Amino acid sequence: MSRYIATRAIRGANRIVKEAEDLFEKALAEHGPDTKVAFPNTGYYLPVILGITGTEVERLGGLKPVLEHARSLLHPVPKERFWTPYLGEALDCGIATLLAEEVIMGIRFVYGEQPERLPGFRLAGGTFTSPDESAQEAIEGRVNGPIDDIQLRSWGIQLVDGRMPGFAAIIGAAKSNEVAVKIVRELQMRNILVFLCGNVNGRSIIHQLMEEGVELGYDTYTVPFGTDTISAIYAAGFATRAALTFGGKKGGQTREIFLYNKFRVFAFGLALGEVDDLKYATAGGVISYGFPVIADTVIPEILPTGVTQYEHVISMPFDDIEGKDDLERATRLVQRCIEVRGVKVKIAEIPIPIPYGSAFEGERVKRADMRIEFGGKYSRAFEYLRMRGLDEVEDGKIEIVGPGFEDVEEGGYMDLGIVVEVAGRKMQEDFEPVLERQIHYFINGASGVQHIGQRDIAWIRVSKSAAEKGLTLRHFGDILYARFHSDFEAIVDKVQVTIYTEPEELKKWLEIARAAYDVRNKRLVEMTDESVDTFYSCTLCQSFAPNHVCVVSPERLGLCGAYNWLDCKASHQINPTGPNQPVPKGEPLDSDQGYWQGPINFVYEHSNHTVERVSMYSIMENPMTACGCFECIAMVIPEANGIMVVSREDPSMTPAGMTFSTLAGMAGGGLQTPGVMGVGKYYLASKKFIKPDGGFKRVVWMSSFLKESMAEELKAVAEREGDPDLIDRIADERYVTTVEELLPWLEEHDHPALKMPPIL
Amino acid sequence: MTGNRTIDPAAAEMLQRAEEMGISTAFSRAEEMKPCPIGSTGACCKNCAMGPCRLVGKHDRGICGATRETIAARNFARMVAAGASAHSDHGRDMALTLLAAAEGEAPDYEIRDVNKLLEVAQFLGVKTEGREAMEIAKETAEAALAQIGQQKGELLYLQRAPEKRQEIWRKAGVAPRGIDREVVELMHRTHVGTDQWYESILMAALRNALSDGWGGSMLATDITDILFGSPVPLTADVNMGALKEDEVNIVVHGHEPTLSEMILVAVRDPEMIEYAKSKGAKGINLTGICCTANETLMRQGVPTIGNFLSQELAMVTGAIELMIVDIQCIMQALVPLADQFHTRLITTSPKAHIEGATHVEFDEHRALEIAKEIVKMGIDNFPHRQDAHIPKEINHLVAGFSHEYINYALGGFYRGSFRPLNDAVIQGRLRGVAGVVGCNNPRTCHDASHEYITRELIKNDVLVAMTGCGAIAAAKYGLLSPEAAKYAGPGLREICETVGIPPVLHVGSCVDNARILTTLSQMATEGGLGEDIADLPAVGFAPEWMSEKAISIGSYCAGSGVYTIMGSESPLANSPLVDRFLSEGWEERIGGKLEFIADPEEAVEKALEHIDKKREALGLEEYDPSRFGRSGDRRMEEWLALLEKGEPVSLYREPRLK
Ligand code: SF4
Ligand code: SF4
Ligand code: SF4
Ligand code: SF4
């Protein structure tokens, strides 16, 4: 601390706690103690309160002890002379501030005042399937408010696989709109998640970005929480839930939650513009999470370390930053923030005229903003990657066969084929699909370019502004060339890209590609757990869930859905000491039950000796653990003699009496909980899916999202199981959300599980 | 003739007054009586009636054949035994008080720090779950007493040391088995014709010292915290200016807080205050001297009027109605001195009578009643005050740094830890840490070494913890005030400003040196600074030591792995071998060492050398103060000052002073 900061933080804390108490009394009088208090779509109650105090607040009355605790953490401001120490005291006041702020937000939800209204604002967000589906667009006129659990989880995997290095909580308003945009762009370019809140004299960075037409929402990694300081609490809530979800911490393990964040969540606060008492007080709370705070104005600095990993508070008066103009200063500011938090950013220099980074992956290009489209409804686009001999590939060669899109009318379309040829001493044919799938991420990273799908159902759009900045087809080649080299240097020595628009050539290559897709499909389908003698581990998520190990076999992919056996194999080749290690199957103890000595030993060793025995398949006996990144949760419904599967896209109530969010708390954290298991969705279609427990026929309920998004695969499963109507016999949230409704439904639809031997 | 006697202006003023009044003091007596040149080098032995033997000149054996080495080692060992017994007996009394309180026999005492009770209970193997505090307290007291009387095995508190340290102790055979046993055994070993190999004697002395530091003293501190609360920072006054012209001045002096805490209750009693007023006083002013002062200062903020060498001088003010003393460091000279003034001297401990003083025996069963009785004697004495002269000298300090609080201070309720402290040392903001403790000694200029060494250390970015009379000394010169950060090096200043602490931390009385041990232990286990106390860039000093307790303290610090410097010529100078063994011999066996260095400049030099050596061994960056000092409030203050002056300032620009 510094005495100045401590004084202001403590003063701010005393004031906000009082404000929360007053608001609480008012709400109590107007609504009564039994009124529900909750943030939407989260299984973590009021998350900061849950994390810090361990209390599961569900009703207004439950806030009272929270406020009492907050008050007990307050201290008087340090004296002018002969002061007593203030660091611990100010940090406690910071915690009191966070508690008070969350209480206030909880009550504001009761009054319908959250998410905050912001006239004219339009959120770009939600899970998206098509760029034109305007129904998916979020509610108009409100900012985002707290992040829901679904989004938390989907970012979880990006946080662990390094696509997302951390998050920045920006509070206040930048010196100018221009600077605001630049700062956010710089962060986006580094794939750093940006949370926006607060204001300076009523003006918020949210206003600034809105005025500049910057798209804000989940898809662009920029989440507007609210235009006041209090809404910064949602960033603390996100951090707390990261520890609860991925770290397996429990509410009330306050110190552990804070330390988890200090060591594993790379986040920082960036205070733009004047810092007032409440901001200092909030910063006091944020520092307890180990997050440093950087200001662009003159404030005292706290450079010694300890509570945070690096410096605690840094002041970089904006005009004193070296740089030829404000934009350059903004870049420097962001660079310094990253240094202070020790965020590791790997950024490939891509020689293209538009910003580039994963933060732009989620960007969509609306039809109205579109310069050109490849694939989709009116045209065809495909991508194909193959390996060649070292002397058959000319490294760096990028060739365009056919015309560019310069002559196509605005908003028009054309056919496109992208063929990538790679060579490398360690390259194997098995890696082709793994590398090919990267094309999606690579192309998508360009700002103003949108990529959906893969293989011959690829669909690419280029925005007008990207085209205006000079983007051409050749730049796709530049991107792919640069990224394959930087991301796969261990296996790729040479890369050559050819882009086809000339119809004849394109047709020819499409045939070649399709033949290759076919061969690959068969290879993957034909591969079984019996046909290999090595499985692969994935411990990528241990950076978040230290005891969790995924064992990935040909017939069971990682629970996040991002790694199948081939991916792991390739990744092991690419990085032999990395998180994917071969796990020799070893002695088959009972292969039907999914027990091999190899995986058992491996998991025991790598789970810090917490998981003694693991089955590759069962949900009932020694199930595989989960970290929190799961695509679906499977859970036994004893009454129905079967299991249900809920997907993370599904926010509805399930027959287990819990939503995905609440269930996730039970399934994650690297613990074995018989009867509950996190899985990747394609595991559902595997022959080995809960084989010891009766297999797919046990599924009595599943989210309709799964039925729809995996229609093909599930149809094949039904046929394999000898019951073509099987999928229709399975209930989903459109018909059934309670166990009481489930049973009659199953009877009515004659579900096979009812006649199976007891699952318990 | 006060020039080189003291650096404390208040003390100097009173020395002058004493001289004018023809009163003798320790200062004048020290000038009149030079130390015996034979005894002061550890050359004489009077352990049996064949002697005393003086091993000087051509005599290199005593009548029994004892060598210089044996005799020097025995003298040293007996100092350790006496010092350790004083601390440990103090610990025993605290445990007995706790027991009496828990059994309901000392109704005026309560458990003020339940958390500490639970923590101590756990260390002592007392079950806590689902039990009443008083029940736990009773068993904890009994367990503490059992530790004191334990005959076999190991003291439980040794577990509080880093594992590596414990192993070193075990390997060297110095892990104490009990507390009383170690004292008794050491006395036995030094009896004529018993242990007659200096190495063996000095290792036994080490074990006895450790039974003080990690036993008696630590128990005393812990139980005092349980009964009277673990200290938290507070502001207080120091030096004789805290005496009041128009109030009844009552001074507590000695070591035990049991009585003084009750005296404090009594002086705050409205009835007593009324009574004082009826005698013409405006109120009752309680102040302290020596470690009783430290105890009441740390927990209650009672002003301290001076340290060991001020006890007589305070009386010379003629403004003290009543001085209440208990045990240790009370000069017998106070009795004839009190006779010169209206001051009444009250002895209270059944163990410490002084001929000619009024004895009111303290009994914890009727604690408050006795306290009131004594206070009333003081009030009754107020009208007899005559020509009084109170020096104006007064300073302010922040005290109250228990290691529990330091842990809290560095991160708050949820994030408290020693991480920031360790980080600071690792990065070189702090060059190292030091304990500066101990007495005054009229053989050297009063307070001068304390002041010099402390100032030099903080200037060199060494964070200092102090106890006892040393702490009072530094407080008098403003070094215990948070504003003293301006005297610190740039790195230490940053730490002070970050946490809000003074560069010198007052951690308590002499028994509270145990807090330094637990603090060092926590630093060693926090990580990044090795795995043992001996790995830390840490040093200990007792610059003006005089008591046998100081020798015990110095030995247990060395025994815990710290380089400890005693500020005097060696009292064992007659045997260079013994001197060397305390230094090199101990260092080789247990990693810490004890050296006698009279020159404070040399002491600081050697200490810094040692710190840098340890830093290097840890692979830490070389100490370079120029890298630090940027953070803190200064820039903000400048900015605000410019704003105030109406100069044009921008939030986005550093203030630029013209
Ligand atoms: S496979 Fe498992 S460990 Fe690896 S990223 Fe996916 S969920 Fe995490
Ligand atoms: S020689 Fe020893 S016994 Fe004799 S006076 Fe000196 S110290 Fe005392
Ligand atoms: S013990 Fe030995 S050295 Fe000591 S006084 Fe007796 S005879 Fe002399
Ligand atoms: S420091 Fe020394 S003089 Fe002061 S009280 Fe302690 S033992 Fe006595």
Would you check if A:Arg71 is part of a helix (DSSP H, G or I) and out of contact with any Leu (no Cβ under 9 Å at 6 or more places or on another chain)? yes
With A:Val551, A:Val611 as the choices, which residue is among the β-branched types (Val, Ile, Thr), more than 8 Å from ligand 1 (Cβ to nearest atom) and within 24 Å of the chain's Cα centre (by Cα)? A:Val551
Looking at segment B:382-401, which of its residues are in contact with a Lys or Arg (Cβ under 6 Å, 6 or more places away or on another chain) and within 30 Å of B:Leu463 (Cβ to Cβ)? B:Asn395
Residues of segment B:462-497 classified as within 13 Å of chain A (Cβ to nearest Cβ) and closer than 18 Å to B:Asn407 by Cβ, total: 3
Looking at segment B:519-537 only, could you name the residues that are part of a helix (DSSP H, G or I) and either within 23 Å of the chain's Cα centre (by Cα) or crowded, with 22+ Cβ neighbours inside 10 Å (or both)? B:Thr519, B:Leu520, B:Ser521, B:Gln522, B:Met523, B:Ala524, B:Ile533, B:Ala534
Within the bounds of segment A:674-682, is there any residue that is surrounded by 19 or more Cβ atoms within 10 Å (Cβ to Cβ) and touching a Pro at 6+ places or on another chain (Cβ under 7 Å)? yes
Collect the residues in segment A:699-739 that are within 19 Å of A:Leu760 (Cα to Cα) and modelled with pLDDT under 95, keeping them in residue-number order. A:Val739
What helices (runs of 4 or more DSSP H) completely inside segment A:553-668 contain at least 3 residues that are of a type in the set (Gly, Ala, Ser)? A:660-667
Any idea which residue in segment B:34-85 is nearest to ligand 3 (Cβ to nearest atom), counting only those that are β-branched (Val, Ile, Thr) and in a loop (DSSP other than H, G, I, E, B)? B:Ile63
Residue by residue through segment B:324-347, note down the ones that are in contact with a strand residue (DSSP E or B) (Cβ under 6 Å, 6 or more places away or on another chain) and of a type in the set (Gly, Ala, Ser). B:Ala338
May I ask you to list the residues in segment B:424-459 that are buried (at least 23 other Cβ atoms within 10 Å of the Cβ), in a helix (DSSP H, G or I) and facing chain A (nearest Cβ under 9 Å)? B:Ala424
Which ones in segment A:649-703 are aliphatic (A, V, I, L, M) and out of contact with any Asp or Glu (no Cβ under 9 Å at 6 or more places or on another chain)? A:Ala656, A:Met658, A:Leu663, A:Met666, A:Ala667, A:Leu671, A:Val676, A:Met677, A:Ile690, A:Val699, A:Val700
Please work out which one of (1) of a type outside the set (D, E, K, R); (2) surrounded by fewer than 20 Cβ atoms within 10 Å (Cβ to Cβ); (3) touching a helix residue (DSSP H, G or I) at 6+ places or on another chain (Cβ under 6 Å); (4) modelled with pLDDT under 90 is the condition A:Ser661 fails and give its number. (2)
Anything in segment B:27-67 that is over 25 Å from B:Asp195 (Cα atoms) and out of contact with any Pro (no Cβ under 6 Å at 6 or more places or on another chain)? List them, or say none. B:Ser28, B:Arg29, B:Glu31, B:Glu32, B:Met33, B:Lys34, B:Pro35, B:Cys36, B:Pro37
Looking at A:Arg336, A:Arg364, which one is part of a loop (DSSP other than H, G, I, E, B) and basic (Lys, Arg)? A:Arg364
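Residue by residue, here is whether (1) within 29 Å of the chain's Cα centre (by Cα); (2) over 20 Å from A:Asp456 (Cα atoms); (3) surrounded by 14 or more Cβ atoms within 10 Å (Cβ to Cβ) holds:
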site: A:Ile398; (1), (2), (3): no, yes, yes
site: A:Gly417; (1), (2), (3): no, no, yes
site: A:Gln428; (1), (2), (3): no, yes, yes
site: A:Pro433; (1), (2), (3): yes, no, yes
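For (1) out of contact with any Cys (no Cβ under 8 Å at 6 or more places or on another chain); (2) at pLDDT below 90; (3) in a helix (DSSP H, G or I), each residue gets a yes or a no:
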site	(1), (2), (3)
A:Thr97	yes, no, yes
A:Glu101	yes, no, yes
A:Gly106	yes, no, yes
A:Ala124	yes, yes, no
A:Thr127	yes, yes, no
A:Gly141	yes, yes, no
A:Pro146	yes, no, no
A:Leu152	yes, yes, yes
Residue tally, condition within 15 Å of the chain's Cα centre (by Cα) and modelled with pLDDT under 95, over segment B:278-325: 10
Single residue of A:Leu671, A:Leu684 found to be under 26 Å from the mean Cα position of the chain (by Cα) and modelled with pLDDT of 90 or more: A:Leu684
Determine whether B:Gly500 is under 18 Å from A:Lys79 (Cβ atoms) and either within 14 Å of chain A (Cβ to nearest Cβ) or touching a residue at least 24 places away in the same chain (Cβ under 8 Å) (or both). yes
Would segment A:389-399 turn up any residue that is at pLDDT 90 or above and of a type in the set (A, V, I, L, M)? yes
Give all pairs with beta carbons closer than 8 Å in which a residue from segment A:70-82 that is more than 8 Å from every other protein chain (Cβ to nearest Cβ) meets a residue that is crowded, with 19+ Cβ neighbours inside 10 Å and assigned to a loop (DSSP other than H, G, I, E, B); count only pairs at least 6 apart in sequence or on separate chains. A:His75/A:Tyr86
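The rows are residues; the columns are (1) within 16 Å of ligand 2 (Cβ to nearest atom); (2) farther than 20 Å from A:Glu436 by Cβ; (3) among the small types (Gly, Ala, Ser); (4) under 32 Å from the mean Cα position of the chain (by Cα).
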{"site": "A:Asp493", "(1), (2), (3), (4)": "no, no, no, yes"}
{"site": "A:Val497", "(1), (2), (3), (4)": "no, no, no, yes"}
{"site": "A:Pro503", "(1), (2), (3), (4)": "no, yes, no, no"}
{"site": "A:Lys508", "(1), (2), (3), (4)": "no, no, no, no"}
{"site": "A:Glu511", "(1), (2), (3), (4)": "no, no, no, no"}
{"site": "A:Ser531", "(1), (2), (3), (4)": "no, yes, yes, no"}
{"site": "A:Phe535", "(1), (2), (3), (4)": "no, yes, no, yes"}
{"site": "A:Cys541", "(1), (2), (3), (4)": "no, yes, no, yes"}
Could you tell me whether A:Glu113 is assigned to a loop (DSSP other than H, G, I, E, B), surrounded by fewer than 21 Cβ atoms within 10 Å (Cβ to Cβ) and away from chain B (no Cβ under 12 Å)? yes
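Considering only segment A:47-99, how many residues are within 30 Å of B:Leu397 (Cα to Cα) and either within 34 Å of the chain's Cα centre (by Cα) or assigned by TED's automatic domain parsing to the domain that holds A:Gly237 (or both)?
Qualifying residue count, segment A:47-99: 9.
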For B:Pro231, state whether it is assigned to a loop (DSSP other than H, G, I, E, B), touching a residue at least 40 places away in the same chain (Cβ under 8 Å), more than 16 Å from ligand 1 (Cβ to nearest atom) and crowded, with 24+ Cβ neighbours inside 10 Å. yes
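To keep it simple, each residue is scored yes or no on (1) within 14 Å of chain A (Cβ to nearest Cβ); (2) under 28 Å from the mean Cα position of the chain (by Cα); (3) in a loop (DSSP other than H, G, I, E, B).
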residue	(1), (2), (3)
B:Ala338	no, yes, no
B:Ile346	no, yes, no
B:Lys351	no, yes, yes
B:Ile354	no, yes, yes
B:Ala371	no, yes, no
B:His396	yes, yes, no
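The values are calculated or read from the model by the stated rules, or taken from the named source; none is laboratory data. Since this is a predicted model, take the numbers as computed values, not measurements. Cβ atoms come from the backbone with ideal geometry, glycine included; neighbour counts cover every protein chain shown.
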